[in-house]
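In what follows, a structure is listed as structure tokens, so that the remarks can point back to it.
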Amino acid sequence: MILVAAVGNLWLGDDGFAGEVAKRLRERGVPEDVAVADFGTGGLDLAYEVMRGYDALVLVDVSRQHGEPGTLYVMEVDPDTIEAGIEDGAMIDPHGMDPQTVLRFVKATGGWPGKVVVVACEPDQVEEVSLGLSPRVEAAVDRAVDLVVETVEELRCTSYR
């Protein structure tokens, strides 16, 4: 089973990118062995869902990589680069866990999925409260849906078949 997990805050402009990708994926339809969910800012919910045991995880998010807004990236997460655990005394905000913290938490609890891939978009604006995507990020959504579908197909062929 593969989980496609959208994360982001739709109240912060382009940070709502992943939610729109998830919506269009559900409209298009996905294979029975693929789950699509929009976790918004519910990082702890995402962590618990991942710990249910998936063969692969595709995280959809925005990521500042210093490219042009609307640029899409596919990045495979090497589990060896993720430190397990939460530092002693660190607070966990269940509504503010970024993907890096989610993966640290999941790794610490032994729930790491077989493969983790991030499909991300270079945002234009995520710092101020606003609804809706900027034009260049909006233009990237359908391309991102296609990219997620391609990534899922690759994972279905290599992860557990």
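Numbers for the structure displayed
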quantity: Hits in region 43-63 - residues which are farther than 11 Å from Leu3 by Cα, touching a strand residue (DSSP E or B) at 6+ places or on another chain (Cβ under 9 Å) and not in a strand (DSSP E or B); calculated: Gly43, Asp45, Ser63
quantity: Every pair of residues 6+ apart whose Cβ atoms lie under 8 Å, when the first sits in region 13-34 and is closer than 24 Å to Arg52 by Cβ while the second is assigned to a helix (DSSP H, G or I) and at pLDDT below 95; calculated: Pro31/Arg156; Asp33/Arg156; Val34/Arg156
quantity: Cross-chain or 6+ apart pairs with Cβ under 9 Å, region 70-83 first and at positive phi and in contact (Cβ under 8 Å) with a residue 60 or more places away in the chain, then in a helix (DSSP H, G or I) and open to solvent by 50 Å² or more (accessible area, probe 1.4 Å); calculated: Gly70/Pro135; Gly70/Arg136; Gly70/Glu138; Gly70/Ala139; Gly70/Arg143
quantity: Which listed residue is open to solvent by less than 60 Å² (accessible area, probe 1.4 Å), of a type outside the set (Phe, Trp, Tyr), part of a helix (DSSP H, G or I) and at pLDDT below 95, from Leu155, Leu147; calculated: Leu155
quantity: Counted residues, region 8-22 - those being touching a strand residue (DSSP E or B) at 6+ places or on another chain (Cβ under 7 Å) and either of a type in the set (Lys, Arg) or assigned to a helix (DSSP H, G or I) (or both); calculated: 8
quantity: Selected residue (criterion: surrounded by the fewest Cβ atoms within 10 Å (Cβ to Cβ)) from residues of region 107-141 that are in contact with a helix residue (DSSP H, G or I) (Cβ under 7 Å, 6 or more places away or on another chain) and in a helix (DSSP H, G or I); calculated: Lys107
quantity: Scope region 41-75; condition open to solvent by less than 20 Å² (accessible area, probe 1.4 Å) and either farther than 17 Å from Lys107 by Cβ or β-branched (Val, Ile, Thr) (or both); matching residues; calculated: Gly42, Val50, Val58, Val60, Gly70
quantity: Boolean, Glu32 is open to solvent by 40 Å² or more (accessible area, probe 1.4 Å), acidic (Asp, Glu) and within 20 Å of Arg136 (Cβ to Cβ); calculated: no
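The values are calculated or read from the model by the stated rules, or taken from the named source; none is laboratory data. Quick caveat, the model's predicted, so the values are computed rather than measured. Note: ideal-geometry Cβ built from the backbone for every residue, glycine included; neighbour counts use all protein chains shown. To get the accessible areas, we keep the full protein, side chains included, count just its heavy atoms, and leave off ligands, DNA and RNA. Shrake-Rupley method; radii C 1.70, N 1.55, O 1.52, S 1.80 Å.
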